[in-house]
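Working notes, structure below.
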Amino acid sequence: AALDGSATAQVRGLPALGGNFGLSKMRAKISGGEAEVAASVLKGGLLADGRVRLAGKWPYNLSSTFRDFDPTRIVDLGEQVESRATGSLFSQGALLEPTKVLADFRIDAWSIRVAGEQLNAMRTVNVQWANETLVVPEAAFAGPDIRLLVAGKIPLRSPMRLRVFGDGSLNALALMSNRVKRGRGSTKFSLDIGGLLERPTFDGELSIENGA
């Protein structure tokens with residue numbers, strides 16, 4: 001016989017991806033072996049609703065919106081990095097078969113603050129998750145004296161393949177190295193990021209014009 005009923009719960013300190021979502025409110029209504037679920041996380045900063053079929057490998061589909069969401073709550077980007085993102089997410093797959101989960105992120109507004117310098121996304125960023133790999137086709141950011149273009153792939157279990165291109169004033173180097181305090185001139189650079197998330201590797205090229 002299929003399960004029927006409803007439930008509401010509050011979870012404090014919900015862990016996910018090595019981070020913590022704080023206080024989460026969730027509710028579910030089960031009818032005919034299918035659950036309608038809804039969740040509110042981080043004081044409504046992330047809202048989600050979807051359906052889960054309680055049979056087989058638990059196929060599901062989920063829609064979510066997030067507002068001023070801080071990715072550093074679940075992914076450690078370093079002590080000097082702050083981030084806020086607003087957008088939406090659609091995901092589908094099977095809860096008991098996570099390797100086949102698919103997700104599409106649309107980030108309409110995204111700001112990143114590194115060592116006191118703020119970069120804002122120049123346009124909507126689309127990111128895909130498939131085959132346990134996060135794919136960033138292109139993400140463009142701009143700050144007062146720097147522009148960045150990021151593209152590549154971040155697999156869950158194998159080395160990253162990310163490339164960063166940038167140009168701006170020589171002061172922009174302070175975002176990447178605490179050995180540079182200030183300067184005059186312009187710079188262009190490219191950076192290849194590889195290795196695993198917990199042990200990244202860096203290799204790149206840098207050119208300086210009219211520097212001092």
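One table, with the values for the structure above:
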| item | result |
| --- | --- |
| In Å², nearest 10: area of Val37 left accessible to a 1.4 Å probe | 50 |
| Using a Förster distance of 25 Å, the FRET efficiency for Leu206-Thr124 (Cβ separation, nearest 0.05) | 0.25 |
| Full-stretch length increase - Lys57, Glu138 - with 0.36 nm per residue and alpha-carbon distance subtracted | 25.8 nm |
| Order of exposure, largest accessible area first, which applies to Met26, Met160, Met122 with probe 1.4 Å | Met122, Met26, Met160 |
| Exposure of Arg163 as accessible area (Å², to 10), given a probe of 1.4 Å and all protein chains | 100 |
| Net length gained if the chain between Arg113 and Arg199 were fully extended (0.36 nm per residue, minus Cα distance) | 28.7 nm |
| Inter-probe distance in nm under a simple model that places probes 7 Å from Cα toward Cβ, at Asp192 and Lys100 | 3.5 |
| Zone residues, the range 110-142, relative to Ala151, backbone N less than 12 Å from point 7 Å out along Cα-to-Cβ | 136-140 |
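The values are calculated or read from the model by the stated rules, or taken from the named source; none is laboratory data. Everything numeric in this text was worked out from a predicted model, so none of it was measured. Because the Cβ atoms are built from the backbone with ideal geometry, glycine has one as well, and the counts that use them run over all protein chains shown. We work out accessible area using only protein heavy atoms, side chains counted, and drop any ligands, DNA or RNA first. Shrake-Rupley method; radii C 1.70, N 1.55, O 1.52, S 1.80 Å.
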